[in-house]
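Since the structure comes first, as structure tokens, the remarks are kept for the end.
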């Protein structure tokens, strides 16, 4: 299929792209699974509290069972005591979900196809920032009519990353590190022609 992109002098040009990547039918369940798996993989799962078996001390019974007038107690590390354990402690766990490579590739193809159908994919010949200035990047984006946008280039551009880091609605990513959440989380996705060709190689 043919895809129209913008050249540096703002003229339109066309290029051939793969139907398998940019002409795939939308599969909501597959996209949801890919996004959920990606977000779950980013969870640290490092929250940890101690149960009675992990709290040091409390091996001896603090006083005899009967005759003291006090409530019976078997350990000073009871959850009811100061310095004791937690009743239902949070424990470390792995939140990651398994997603086959074939399913991930199909999900990315589905997302790219849907972005193209919804006119949310903006393809340009190249996109560069001369200096690490937020004002300069904003001027370029306003010229293109872009506000909430993910910028995808073939290789990470330091000036672009520094210019966009204070903009909450602008993201910067290279083609190799693209992920489903970045693609669906912004109103538009601006991608350069070299980055688009790299994506075709990755998800072919």
Can you confirm whether residue 12 is at pLDDT below 90, exposed (fewer than 11 other Cβ atoms within 10 Å of the Cβ) and under 30 Å from residue 199 (Cβ atoms)? yes
Could you tell me which of the residues 106, 132 is under 13 Å from residue 160 (Cα atoms) and either assigned to a helix (DSSP H, G or I) or touching a helix residue (DSSP H, G or I) at 6+ places or on another chain (Cβ under 8 Å) (or both)? 132
Which residues, taken from segment 83-103, are in contact with a helix residue (DSSP H, G or I) (Cβ under 8 Å, 6 or more places away or on another chain) and either crowded, with 16+ Cβ neighbours inside 10 Å or within 19 Å of residue 193 (Cα to Cα) (or both)? 99
Among the residues of segment 1-26, what is the count of those that are under 22 Å from residue 178 (Cα atoms) and touching a residue at least 24 places away in the same chain (Cβ under 8 Å)? 14
When only residues in segment 35-60 that are touching a helix residue (DSSP H, G or I) at 6+ places or on another chain (Cβ under 9 Å) and part of a helix (DSSP H, G or I) count, which is farthest from residue 99 (Cα to Cα)? 39
Would you point out the residue of segment 156-165, among those that are at pLDDT 90 or above and in contact with a helix residue (DSSP H, G or I) (Cβ under 9 Å, 6 or more places away or on another chain), that is surrounded by the fewest Cβ atoms within 10 Å (Cβ to Cβ)? 165
Are any of the residues in segment 27-34 part of a loop (DSSP other than H, G, I, E, B), touching a residue at least 24 places away in the same chain (Cβ under 8 Å), within 30 Å of residue 94 (Cβ to Cβ) and touching a helix residue (DSSP H, G or I) at 6+ places or on another chain (Cβ under 6 Å)? yes
Filter result (farther than 20 Å from residue 22 by Cβ, at pLDDT 90 or above and surrounded by fewer than 19 Cβ atoms within 10 Å (Cβ to Cβ)) within segment 115-144: 131, 132, 133, 134, 135, 136, 138, 139, 140, 142
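The values are calculated or read from the model by the stated rules, or taken from the named source; none is laboratory data. Since the model is a prediction, treat every value here as computed from it, not as a measurement. For neighbour counting, all protein chains shown are included, and Cβ atoms are generated from backbone atoms with ideal geometry for every residue, glycine included.
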